[in-house]
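Asker: First the structure, which I've put down as structure tokens, then a few questions once you've had a look.
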Amino acid sequence: MQIFNPADGTLIKELAEDDAGSVAAKYARARAAQPSWAAVALGDRLGAIEKFKLQMERREDELARTLTRETGKPIAQSRNELNALPGRIDFFLQNTKRALDPETVLADPQMREQITHEPLGVVANISAWNYPYFVGSNVFVPALLAGNAVLYKPSEFASLTGLAIGEMLHAAGVPADVFSVLIGSGSTGALLVDQPVDGVFFTGSFATGARIAAACAPRMLKLQLELGGKDPTYVCEDADVKNAAESLADGAMYNAGQSCCSVERIYVHERIYERFVAAFVATVKGYKRGDPMDETTYLGPLARAPQLAVLERQVAGAVAKGATLLAGGKRIARPGNWFEATVLSNVDHGMDLMREESFGPLIGIQKVAGDAEAVRLMNDTEYGLTAGVYTPDEARAKRILAQIRSGSVYWNCCDRVSPRLPWSGVGHSGVGVTLSTYGIQAMTRQKAWHLRAP
């Protein structure tokens, strides 16, 4: 497998892909090793993850550069991911014991009822490239802490980062057979899903998630899918226009729009529409595009070359149907996977731009007459990952957000994930949950105990 730098198209490295034989062998070793890992005291498992966290902190510069080279993420944003990760790991370290402790739900003299949380067994974790440390650790950290063995397949666009994660976990005391890294593309992921694992945790596109769900359905195993989004935000007429525009521009363009919860649709009340659009475009045009290794770069290339055609098609289709192109709109003529930061106004839901996931530096801004129309349009989607409202009126925001079919909702913020809150979606955005204590318990199966005194 060849790994290319998306900023200039140069070859970084070649790696041997796991084939059917090596995938099956790694599964067999994980199955054999898991009971011993589950028998390790929780305090020792917590200690191993603490050591893993400390290694990441010590190797931050090296890890950030590797991540930037293989994904194109600007180096400052790679550092942001690595700097924020210890806090997320700390949540797991501080809350796993409480989440996994046995629960006594009835304590009568003659009968006690208890719930215990037992590890699933061997978990397949097929991760994503856009935030490999965040997305991966949401699964493999609580999975390991709960006593599972993990077969970890990083995205082929973040393979070097995946290998570094494996090295650090092994050095921290997690046995090599308890956490195995599988290298390869979608075909390797399919081989992994075919193994008799006890759970499949996938982050990626709806199309791939649907194929995984179909493959797993007859086996009745634990399946968790974190899929796409077409995340909307509504800016009310009483919002601070400048602050909302700057916040949402960052929410739409950060990491070149390649975030699961990137803002992908904006609805603005007609009374402030023109002012908002002008402020938004001015903000976007102020972003620096350039070498991802430059600490001052905000916009880098796309990680995946095929996505350029998706963005071109959405822009052309919207303009053909009457949208106004206010910024960007095309590929950049240079080596690598570059696309201009693109803003369109006068859009509507007859355009793919407002219905299909863009996953790039592309946004449409639509005018609405009021709250009712905004709610209707925000819900007019097959996805349901995040949604937001900008207004100084908290009660109004809550009334609007309560009507939105979405796993996470935001008031006066966007593109935000907290380890304390569950991360989930509805519709084509997936099934299951990561993060929060619910995400820890998702790595276990609950056993019910009926204990009658003699």
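The values are calculated or read from the model by the stated rules, or taken from the named source; none is laboratory data. Just so it is clear, the model here is predicted, and its values are computed rather than measured. Backbone-built Cβ (ideal geometry, glycine too); neighbour counts: all protein chains shown.
Asker: Checking the structure you have, find out if any residue of the stretch 384-395 is at pLDDT 95 or above and touching a His at 6+ places or on another chain (Cβ under 7 Å). Explain how you work it out, then say what you get.
Answerer: To start, the set of residues in the stretch 384-395 that are at pLDDT 95 or above comprises 384-395.
So of that shortlist, the ones also touching a His at 6+ places or on another chain (Cβ under 7 Å) come out as none.
Looking through the stretch 384-395, none of the residues is at pLDDT 95 or above and touching a His at 6+ places or on another chain (Cβ under 7 Å).
Asker: At pLDDT 95 or above, in a loop (DSSP other than H, G, I, E, B) and not assigned by TED's automatic domain parsing to the domain that holds D294 - does that describe any residue in the stretch 134-144? Give the steps one after another, and end with the answer.
Answerer: The first filter runs over the stretch 134-144 and keeps only residues at pLDDT 95 or above, leaving 134-144.
Still in the running and in a loop (DSSP other than H, G, I, E, B): none.
No, the stretch 134-144 contains no residue that is at pLDDT 95 or above, in a loop (DSSP other than H, G, I, E, B) and not assigned by TED's automatic domain parsing to the domain that holds D294.
Asker: Of all the residues that make up the stretch 229-253, how many are under 21 Å from N337 (Cα atoms) and touching a Leu at 6+ places or on another chain (Cβ under 9 Å)?
Answerer: 2
Asker: For a quick check of your reading of the model, give me the residue pairs whose first member lies in the stretch 1-22 and is without any contact (Cβ under 8 Å) to a residue 60 or more places away in the chain, whose second is assigned to a loop (DSSP other than H, G, I, E, B), with beta-carbon atoms closer than 7 Å and at least 6 apart or on different chains.
Answerer: F4/T10; E14/M1
Matching residues to (1) touching a strand residue (DSSP E or B) at 6+ places or on another chain (Cβ under 8 Å); (2) touching a residue at least 24 places away in the same chain (Cβ under 8 Å); (3) of a type in the set (F, W, Y); (4) not assigned by TED's automatic domain parsing to the domain that holds K73:
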{"position": "G317", "(1), (2), (3), (4)": "no, yes, no, yes"}
{"position": "A320", "(1), (2), (3), (4)": "no, no, no, yes"}
{"position": "A333", "(1), (2), (3), (4)": "no, no, no, yes"}
{"position": "V347", "(1), (2), (3), (4)": "yes, yes, no, yes"}
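Asker: Looking for whichever is over 20 Å from F179 (Cβ atoms), buried (at least 20 other Cβ atoms within 10 Å of the Cβ) and at pLDDT 95 or above here; the options are I12, I75. Which one fits? First the steps, then the outcome.
Answerer: Values: I12 fails: buried (at least 20 other Cβ atoms within 10 Å of the Cβ).
Only one candidate passes the filter, namely I75.
Asker: Could you tell me how many of the residues in the stretch 34-84 are of a type in the set (V, I, T) and under 28 Å from M1 (Cα atoms)? Steps first, answer last, please.
Answerer: Pass one, the stretch 34-84, residues of a type in the set (V, I, T): 40, 49, 66, 68, 71, 75.
Filter once more, so that each one left must be under 28 Å from M1 (Cα atoms): 66, 68, 71, 75.
Final tally of qualifying residues: 4.
Asker: Of all residues in the stretch 110-156, count the ones that are over 24 Å from K73 (Cβ atoms), of a type in the set (D, E) and under 18 Å from the mean Cα position of the chain (by Cα).
Answerer: Of the residues in the stretch 110-156, 0 are over 24 Å from K73 (Cβ atoms), of a type in the set (D, E) and under 18 Å from the mean Cα position of the chain (by Cα).
Asker: Output the residue which, of all residues in the stretch 352-398 that are of a type in the set (G, A, S) and over 21 Å from the mean Cα position of the chain (by Cα), is surrounded by the most Cβ atoms within 10 Å (Cβ to Cβ). Quick ask: steps written out before the conclusion?
Answerer: Applying the first criterion (of a type in the set (G, A, S)) to the stretch 352-398 yields 358, 360, 364, 369-370, 372, 374, 384, 387-388, 395, 397.
Next, only the ones that are over 21 Å from the mean Cα position of the chain (by Cα) stay: 364, 369-370, 372, 374, 395, 397.
Numbers: G364: 27, A369: 10, G370: 13, A372: 11, A374: 24, A395: 8, A397: 20.
It comes out as G364.
Asker: Hey, which of the strands (runs of 3 or more DSSP E) in the stretch 145-203, taking only ones fully inside, have at least 2 residues that are within 13 Å of R31 (Cα to Cα)? Give the steps one after another, and end with the answer.
Answerer: Values: elements: 149-153, 179-181, 199-203.
Once the strands (runs of 3 or more DSSP E) in the stretch 145-203 are filtered for at least 2 residues that are within 13 Å of R31 (Cα to Cα), what remains is 149-153, 179-181.
Asker: Hey, another quick one. Out of (1) part of a helix (DSSP H, G or I); (2) within 29 Å of A158 (Cβ to Cβ); (3) in contact with a Leu (Cβ under 9 Å, 6 or more places away or on another chain), the odd one out for A318 is which?
Answerer: Against the list (1) part of a helix (DSSP H, G or I); (2) within 29 Å of A158 (Cβ to Cβ); (3) in contact with a Leu (Cβ under 9 Å, 6 or more places away or on another chain), A318 comes up short only on (2).
Asker: Here's another thing I want to ask about it. Take the conditions outside any loop (DSSP other than H, G, I, E, B), touching a residue at least 12 places away in the same chain (Cβ under 8 Å) and surrounded by fewer than 16 Cβ atoms within 10 Å (Cβ to Cβ) and apply them to G43. Does it pass?
Answerer: Details: outside any loop (DSSP other than H, G, I, E, B): yes; touching a residue at least 12 places away in the same chain (Cβ under 8 Å): no; surrounded by fewer than 16 Cβ atoms within 10 Å (Cβ to Cβ): yes.
So G43 fails the test.
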